[in-house]
Amino acid sequence: MAAGVKVLERKKRTLAEASYVPEIAKGLGKTMGRFFKNTFGPEEKKEIATVCYPEEKREYPPRFRGIHRLTQRADGSPRCVACLCCSTACPAQCIHIEPAEYEPDDPRYGYERYPAKFIIDELRCIFCGYCVEACPCDAIRMDTGMHMPPSTERGHFLYGKEVLLNLPGRDGTYLSGNPRHEPGDPTHPGVTREQGH
Ligand code: SF4
Ligand code: SF4
């Protein structure tokens, strides 16, 4: 059976519509109205969606993943124990860590390591947050609320250990709210040296 075809009658344009002049004038009227309202009108009536970045900045939502920071212990040393979980979990392979041992007279010697080098290529990072999820020590966070400042130098996006340790969280602290049981203190839940073989 042939499909039914419905023929619609095309409305004829009026002379005014065919000339476009009144429609252009209407469009320009709207544009100019917005221009004067947003430029000279009272502040509360303005409808401007853009901001004059970087002088003006929008506040990011609390769950915004900003650039990374490395959290510090109470003595200022990194909480990171150079376990490499974050760099292993990182799908962009943009974390480079070189682990090192503490000195023999340090209570942490033999228990855990520290990162001699910790570099994140922030330009390669896809801000997935896997590194933060993978970290067993709450040593890496993405709660700075900042994004990278623009630069034309590729090297400026390689954030090293000192930079990452000195970026504060949104609350202004360099620490982490989670408790940290240091090796050697009585609250440390791990094995003691005496228990070793
Ligand atoms: S946020 Fe994702 S891509 Fe970026 S460093 Fe962490 S794991 Fe890698
Ligand atoms: S930041 Fe966390 S996951 Fe990454 S190496 Fe340090 S302790 Fe391990």
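The values are calculated or read from the model by the stated rules, or taken from the named source; none is laboratory data. Just so it is clear, the model here is predicted, and its values are computed rather than measured. Glycine gets a Cβ as well: all are built from the backbone with ideal geometry, and neighbour counts include every protein chain shown.
The table that follows gives values for the structure above.
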quantity: Hey, Pro183 buried (at least 17 other Cβ atoms within 10 Å of the Cβ), of a type outside the set (Lys, Arg) and not assigned by TED's automatic domain parsing to the domain that holds Gln72 or not; calculated: yes
quantity: Options Gly184, Gly145; residue that is at positive phi and touching a Gly at 6+ places or on another chain (Cβ under 8 Å); calculated: Gly145
quantity: Which listed residue, of Tyr111, Tyr102, is within 15 Å of ligand 2 (Cβ to nearest atom), in contact (Cβ under 8 Å) with a residue 40 or more places away in the chain and over 20 Å from Pro168 (Cβ atoms); calculated: Tyr111
quantity: From Pro150, Pro136, residue being more than 12 Å from ligand 2 (Cβ to nearest atom) and either under 16 Å from the mean Cα position of the chain (by Cα) or in contact (Cβ under 8 Å) with a residue 40 or more places away in the chain (or both); calculated: Pro150
quantity: Among the residues listed as Thr39, Thr88, the single one being assigned to a helix (DSSP H, G or I) and within 16 Å of ligand 2 (Cβ to nearest atom); calculated: Thr88
quantity: Filtered residues of the stretch 62-84 (kept if of a type in the set (A, V, I, L, M, F, W, C) and buried (at least 20 other Cβ atoms within 10 Å of the Cβ)); calculated: Ile67, Leu70, Cys80, Ala82
quantity: His188 being part of a helix (DSSP H, G or I), surrounded by 11 or more Cβ atoms within 10 Å (Cβ to Cβ) and free of Cβ contacts under 8 Å to residues at least 24 places away in the same chain; calculated: no
quantity: Gly76 among the small types (Gly, Ala, Ser) and closer than 22 Å to Pro179 by Cβ; calculated: yes
